[in-house]
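Structure record follows, encoded as structure tokens.
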Amino acid sequence: MPMQQERILNLPNFLTLSRILLTPFIVYAILEHQPAMALLFMAVAGLTDMLDGAIARIFNQRSTVGAYMDPLADKLMLISAIVTLYTMDQIPLFLFLAVIFRDLIIVIGAIAYEIVTHQLEMTPTITSKITTFLQIMIVLLILANAAWNILPLWMVSAVAWLTFVMTVLSGVQYMIVWMEKAVRNENG
């Protein structure tokens, strides 16, 4: 469905912007050893994430700005939380590196693809969606455990390893898909 409304200042974009503005508060809460507060801010951010897309669809307020800003807001919040938790020795090095390198691959790949083809279209794969879900879950589990110590360590570790595996698979998948598209575009 085409994006018909190009107004930048609409409710969905405002909600997305609020998620960006919540990110420093999440980081601050983590740094100040207030995991319950960080979880509260993340819950509010999650609510804005659900609402912005629903409102954009229902009230036909989709925009190009929103299409780019929404995933950027999600990534900014998630990467900020992961980096902060890593610096606090809450996220293992292997997972931290996988997340950072995957996102670097995506950003560099997207820029290169756009430069070569001028036809960048960000369409997340099922692997990518599962990866994002698991990355969010590991952050939430670590924060919940820090707040209330409710899960056994093996469970958090198992989710961390599963997140690592899916993050690596997703990064490899993005590289393969973009290379195939670039070759097809060059040959076509």
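The numbers here are math on the coordinates, done by the rules we state, and not lab data. Remember, it's a predicted structure, so these values are computed and weren't measured experimentally. Virtual Cβ from ideal backbone geometry, glycine too; neighbours counted across all protein chains shown.
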Handout entry: Kirkwood hydrodynamic radius over Cα pairs of the stretch 1-88, then Stokes diffusion coefficient at 10 °C and 1.306 mPa s, in µm²/s
Key = 118
Completion exercise
Within the under-14-Å Cβ sphere about M175, not counting M175, Lys/Arg +1 and Asp/Glu -1 give a net charge of 0
Problem - Separation of alpha-carbon centers, the stretch 127-188 and the stretch 62-126, rounded to whole Å - result: 11
Problem - Three-way shape label, the stretch 91-188, alpha-carbon gyration tensor, a/c 1.5 - result: prolate
Handout entry: Relative contact order for the stretch 1-88, counting Cα pairs under 8 Å that sit 6 or more residues apart, in percent
Key = 49
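So what is the relative contact order for the stretch 1-160, in percent, with contacts set as C-alpha pairs under 8 Å and at least six apart? Walk me through the numbers on the way to the answer.
Numbers: 132 pairs, mean separation 44.9, N = 160.
So the answer I get is 28 percent.
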Handout entry: Prolate/oblate/rounded label for the stretch 92-131 (Cα gyration tensor, a/c 1.5)
Key = oblate
Completion exercise
For D52, D103, ascending order of other Cβ atoms within 10 Å (fewest first) is D103, D52
Practice task
Work out the length of the dipole vector of the chain about its Cα centre, built from +1 on the beta-carbon of each Lys and Arg and -1 on the beta-carbon of each Asp and Glu, and round it to the nearest 20 debye.
Solution key: 220
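Using only DSSP helix segments of four residues or longer, with each worth -39500 (n - 2.57), what per-residue ellipticity at 222 nm results for the chain after dividing by its residue count and rounding to 500? Spell out each step's value before the answer.
On the way: 6 runs with 152 residues, N = 188.
After summing the helix terms and dividing by the residues of the chain, the value is -28500 deg cm²/dmol.
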Practice task
Would you mind classifying the chain by shape? Square roots of the alpha carbon gyration tensor eigenvalues, ordered a ≥ b ≥ c; an a/c under 1.5 is rounded, otherwise it is prolate if a/b is larger than b/c and oblate if not.
Solution key: oblate
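Sort I138, I111 so that the residue with the fewest other Cβ atoms within 10 Å of its own Cβ comes first and the one with the most comes last.
On the way: I138 27, I111 11.
Going from sparsest to densest Cβ surroundings: I111, I138.
Of M37, M179, how do they rank once you tally other Cβ atoms within 10 Å and put the fewest first?
Working: M37 17, M179 12.
So the residues, fewest neighbours to most, are M179, M37.
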